[in-house]
Amino acid sequence: MTDPFDDIVDQLDSLTTADPPSASAAASENTTSPTQPDANADTPVAATTKKKKKKTNRKKGKTLPTGFETNFTEAPLTPEEFSKDKELYDLNKGVAERLETAVQRYKAKRKFNDIRHRMLEAYLNLGGINTGAKMFGGVDGKFVKDHDAEDIARYKATDYVPEKMHRIGEPRLEELDEDYEEEEYTVDFNYVVRSFLTHRVPFAFGMKTPENIEMSVNLVRNFLNFILYHNVCPEYTDNIKLAVKTCDTAGEELPVCAVLSDKLPGAFNKACSTLFGGYWSLITPQSWASGEEKSTNYPEPGISVEEATQIYGSLIHEIPNIDTAMPLKDAKEVAKEWATLEVAGKWLPEPGSALKLGKIICKPWTQPEARVIPSRWDNVPEGVSLWCEKTVAQYAYVGMHLCCTVHELANGLVYFDEISGVMCSQFLEIIDEKDLEVDSDFDFD
């Protein structure tokens with residue numbers, strides 16, 4: 001009789017010494033597809049499954065608030081945060097230092113897309129805050145060791161007030177200050193906001209769609225509210241609140257100005273300009289072009305003389321005090337002026353009236369800080385009346401500003417063309433002195 005323990009040992013030895021089956025042998029034993037059952041098998045063979053990859057949340061962070069939502073409000077300050085604000089924005093610190101700190105903290109508490117980031121930088125630049133890396137702004141290990149996180153962040157900040165403006169807003173007496181000079185800069189939040197929203201946004205940046213206007217206005221308002229909420233510049237609270245009101249006004253008026261800018265001067269004034277040698281007479285459709293050569297996808301902007309004559313003849317009788325009996329060839333131009341005007345009122349026909357024209361009543365206007373240019377309507381109490389379609393005139397409002405060329409004809413008609421700007425009531429253009437500098441070595445010849 002054999003020992004059962006010897007049999008077990010022999011079996012274990014055979015298992016440990018046996019050669020593994022070759023790949024060819026394994027293939028010959030199983031020729032079925034791993035994803036298909038064996039036809040000869042009594043039970044189906046389960047298909048092999050791949051391990052599912054863990055899905056990554058690609059939208060992570062997109063649902064977090066940006067700080068620019070319509071219903072966004074600042075969270076109430078904790079006692080620790082309130083104490084921190086009092087330390088950061090201590091009135092013993094200069095206005096420049098406090099604003100520099102506020103800008104850095106504001107940018108850290110908001111999520112910016114590319115457009116908002118560039119708009120904020122443009123707004124800060126206009127207000128005198130430089131954006132970009134500081135010269136010698138690097139930090140070494142010793143600096144990090146000797147300073148806290150706030151000092152390190154301030155030193156590495158990319159938004160800073162230049163050295164020449166560090167004493168802005170400080171009261172200085174000539175007899176007590178050896179370095180006294182006439183102040184070149186003053187603190188005026190409303191002044192900067194007016195120029196940025198009424199000039200830079202619509203004209204320098206060309207942002208005239210309702211969405212872009214709303215984004216620009218909300219960005220500036222959001223920043224100003226941050227300054228107010230954290231009491232950064234309490235001595236300028238009234239001026240900052242006035243700047244917030246300017247944001248509200250710009251948000252209401254800029255979209256209207258954009259619409260009117262696209263509609264002016266209207267078909268009637270285009271017709272007059274075409275017939276009497278104005279701007280539109282230079283871009284009438286080419287009469288020599290054949291039908292095949294004319295493009296229907298890109299129609300020419302002007303109108304033909306025939307169409308202009310028809311429009312003029314059908315509407316001229318609506319304007320009073322015009323010598324309609326005078327032949328067109330005798331209605332010579334007697335005056336021409338590039339005018340900057342302010343809307344003082346408007347007249348529209350009664351609803352349901354068959355009249356097509358309305359009237360925008362204007363008076364000469366000169367923008368702040370610009371040189372006054374005499375106008376032929378300076379001493380005319382009723383100003384100048386600009387007639388155009390009522391569907392165009394309805395968008396004008398008191399306080400709006402227009403820049404256009406005004407023509408006066410021998411038959412008493414006044415028409416306008418060459419619209420170079422439709423501006424809101426608080427329009428202000430800050431002209432950078434760098435833009436006016438001329439290289440003395442430049443050869444004009």
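Coordinate-derived values only; no laboratory data. Keep in mind it's a predicted model, so treat the numbers as computed, not measured. Virtual Cβ from ideal backbone geometry, glycine too; neighbours counted across all protein chains shown.
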Just want to confirm a number: the relative contact order over the stretch 264-423, from Cα pairs under 8 angstrom separated by 6+ residues, in percent.
28 percent
Cα-Cα over 30 Å: which of Lys86/Lys107; Lys93/Lys208; Lys363/Lys390; Lys241/Lys359; Lys329/Lys390; Lys93/Lys241?
Lys93/Lys208; Lys241/Lys359
Eigenvalues of the alpha-carbon gyration tensor of the stretch 318-374, times 5 and square-rooted, give semi-axes in Å, largest first, of 28, 22, 6
Treat every Asp and Glu Cβ in the stretch 264-423 as -1 and every Lys and Arg Cβ as +1, leave all other atoms uncharged, and give the resulting dipole magnitude about the Cα centre to the nearest 20 debye.
260 debye
Fewest-first sequence of Val334, Val193, Val372 by Cβ atoms within 10 Å of each Cβ:
Val372, Val334, Val193
Could you line up Val259, Val95 from fewest to most neighbouring Cβ atoms inside 10 Å?
Val259, Val95
Enumerate the calculated ³J(HN,Hα) couplings along the stretch 326-340 in order (Karplus 6.51 cos²θ - 1.76 cosθ + 1.60, θ = phi - 60°), each rounded to whole Hz, writing x wherever the residue is Gly or Pro.
5, x, 4, 5, 9, 7, 6, 6, 9, 7, 8, 8, 7, 10, 10
Among Gln310, Tyr279, Leu386, which residue has its Cα furthest toward the positive end of the charge dipole of the stretch 264-423, with +1 on Lys/Arg Cβ and -1 on Asp/Glu Cβ?
Leu386
With θ taken as phi - 60° and the coefficients 6.51, -1.76 and 1.60, list the Karplus ³J(HN,Hα) couplings across the stretch 269-277 in order, rounded to whole Hz; mark glycine and proline as x.
5, 5, 5, 4, 5, 5, 7, 10, x
With x for Gly and Pro, the residue-by-residue ³J(HN,Hα) of the stretch 103-118, computed from phi through the Karplus equation 6.51 cos²θ - 1.76 cosθ + 1.60 at θ = phi - 60° and given in whole Hz, is 4, 5, 5, 4, 5, 6, 9, 10, 9, 9, 8, 5, 5, 4, 5, 5
If I model a spin label as a point 7 Å beyond the Cα along the Cα-Cβ vector, how far apart are those points for Ile115 and Leu77 in nm?
3.3 nm
Three principal axis lengths of the stretch 264-423 [C-alpha, angstrom, descending]
52, 35, 34
